[in-house]
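In what follows, a structure is listed as structure tokens, so that the remarks can point back to it.
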Amino acid sequence: MKKYYKAVLFSTLLGLAASMFAQNTNIIPNHDFENWTTQNVMFQTYETPVGWQGLSIDIDTMGIQFSYPLANPQKTTDAYTGNYAALVATNELDPMIAGALSSMGISDFLAIPTIMSIGGINIIPLLTDFGEILSGLGDEDFNVLSLLQNFATANLSDYFKGGAPLNGFSPTSLVGHYKYTTQNNEDNAMILLVGSTYNSLLQRRLPAGIGMTTLSATDSYTEFEVPYYSLGMTADTIEVLFFSSQLQSISVGSSLYIDNLALTSTNSINTTASIATNCYPNPSSGKITLNTAQAVDVYIYNTVGQLVSAKKNCKNGAQFSLPHTGIYSVKMVNENGYFTQTIVIK
């Protein structure tokens, strides 16, 4: 009998250790871009980071189907840590590809940004259905609600080929290090996060969360954070996309260096314990009130990652005005931990 209890105790501890290890595992594949693989397509040989895809177009000709590379991430030794980082750059569009895109009704691009993603994207339907919306992604007046409304009626499997499985992990943000060089001061790099879940009743993949930000020029590696906004559903997959240029201000030569990525989560072992605080009402018509038993510092970010309000040592009942409609991330911090809440302004 004692041996039985010891075996149960041992298996329980082993299961707990496995659970802790799983939560500590970085969800992002090849998050430090140390591992690369060689690809061969149409007499072209190039390297891609394991777990990531560049921008390609699916071709079906004479019964032969393949993905033709348009713009790929490059291996660089100019890394934040380790041996390598990923470099995504904006280049002139090949005349043959420009002609092919023009025949499909897409003729606005003389240059093409590299779009690096975990699972790869179907660029033609994505640009056809969301090009106008995505082109305004870096604007302060960008309406994330219109993007979500369009995503909500779509099957995300038509646009995203895969992503990173979350396996119960609940992301709150994507963090990492970047540097960005450009010849056009109006150009910025972009990051887009799309959480999704498969609905077996509707038989399609639905949006479960979103996050986005723009990255301005910097000559040295700088830390970034992209808040992730949950839409009330638990995501089973997350897609991460890096754009070397904003779609409305594409500049040849713009170069984005990316290294050391990680998803943060309130349920990961290393995250500081959450504090008992929140803001209400949610949704709100423009004013929110702090509900807390302890003083906190409050930081409010819009959907492109810009800090729109910051107040120190806020007590219970403190109020904040957010006059513009949209989705905001409210981060409340003190020495005991932090809590991040998504607020909708109608």
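Per-residue HN-Hα couplings for region 203-211, Karplus 6.51 cos²θ - 1.76 cosθ + 1.60 at θ = phi - 60°, whole Hz, x for Gly and Pro?
Calculated HN-Hα couplings, in order: 6, 7, 8, 9, x, 10, x, 8, x Hz.
Shape verdict for region 277-345, please, from the Cα gyration tensor: rounded (a/c under 1.5), prolate (a/b greater than b/c) or oblate. Let's see the in-between values first.
Values: a/c = 1.91, a/b = 1.42, b/c = 1.34.
Cα axes put region 277-345 in the prolate bin.
Residue-wise, which Karplus ³J(HN,Hα) couplings in Hz belong to region 86-93, taking 6.51 cos²θ - 1.76 cosθ + 1.60, θ = phi - 60°, and x for glycine or proline?
9, 10, 10, 10, 9, 10, 5, 7
Grab the beta carbon distance between THR77 and ASN26, set R0 = 22 Å, and tell me the FRET efficiency rounded to 0.05.
Values: r = 22 Å, r/R0 = 0.99.
Calculated transfer efficiency: 0.50.
What residues qualify as long-range amide H neighbours of LEU93, i.e. H under 5 Å apart, gap of 5 or more or another chain, H built at 1.01 Å from N?
Those qualifying (amide H under 5 Å, at least 5 residues apart or on another chain) are ALA111, ILE112.
Using the per-residue mean of other Cβ atoms lying within 10 Å as a proxy for protection, in what order, highest first, do the peptides 284-297, 243-256 fall? Walk me through the numbers on the way to the answer.
On the way: 284-297: 16.1, 243-256: 21.9.
Ranking, from highest mean packing down: 243-256, 284-297.
Which residues' amide hydrogens lie under 5 Å from the amide hydrogen of THR213, considering only partners 5 or more residues apart or on another chain, with H built in the peptide plane?
Amide H neighbours of THR213: ILE191.
When the chain is fully extended, how far beyond the present Cα-Cα distance does VAL175 get from ASN313, taking 0.36 nm per residue of separation? Write down the numbers at each step before the final one.
Numbers: separation 138, 0.36 × 138 = 49.68 nm, distance 2.56 nm.
Value of the extension gain: 47.1 nm.
Amide H of ASP259 versus every other amide H placed in the peptide plane: which residues, excluding those fewer than 5 positions away on the same chain, fall under 5 Å?
Counting only residues 5 or more places away or on other chains, the set is HIS177.
What is the gain in length, in nm to one decimal, between ASN334 and MET233 on full extension, counting 0.36 nm per residue of separation less the C-alpha to C-alpha distance? Walk me through the intermediate numbers first.
Details: separation 101, 0.36 × 101 = 36.36 nm, distance 2.81 nm.
Stretched fully, the ASN334-MET233 segment lengthens by 33.5 nm.
What's the FRET efficiency of GLU92 with ASP129 using the Cβ-Cβ distance as r and R₀ = 22 Å, to the nearest 0.05?
On the way: r = 26 Å, r/R0 = 1.18.
It comes to 0.30.
Beyond 31 Å between alpha-carbons counts as too far, so tell me which of LYS311/LYS346; LYS315/LYS346; LYS179/LYS315; LYS179/LYS311; LYS75/LYS161; LYS161/LYS311 fall in that bin. Walk me through the intermediate numbers first.
Details: LYS311/LYS346 23 Å; LYS315/LYS346 25 Å; LYS179/LYS315 37 Å; LYS179/LYS311 29 Å; LYS75/LYS161 23 Å; LYS161/LYS311 41 Å.
Where the Cα-Cα span goes over 31 Å, the pairs concerned are LYS179/LYS315; LYS161/LYS311.
Read-outs throughout are calculated quantities, based only on the coordinates presented, and are distinct from any laboratory measurement. This structure is a prediction, so every number in the text was calculated from the model and none was measured. Using ideal geometry, Cβ is built from the backbone for each residue, glycine included, and neighbour counts are taken over all protein chains shown.
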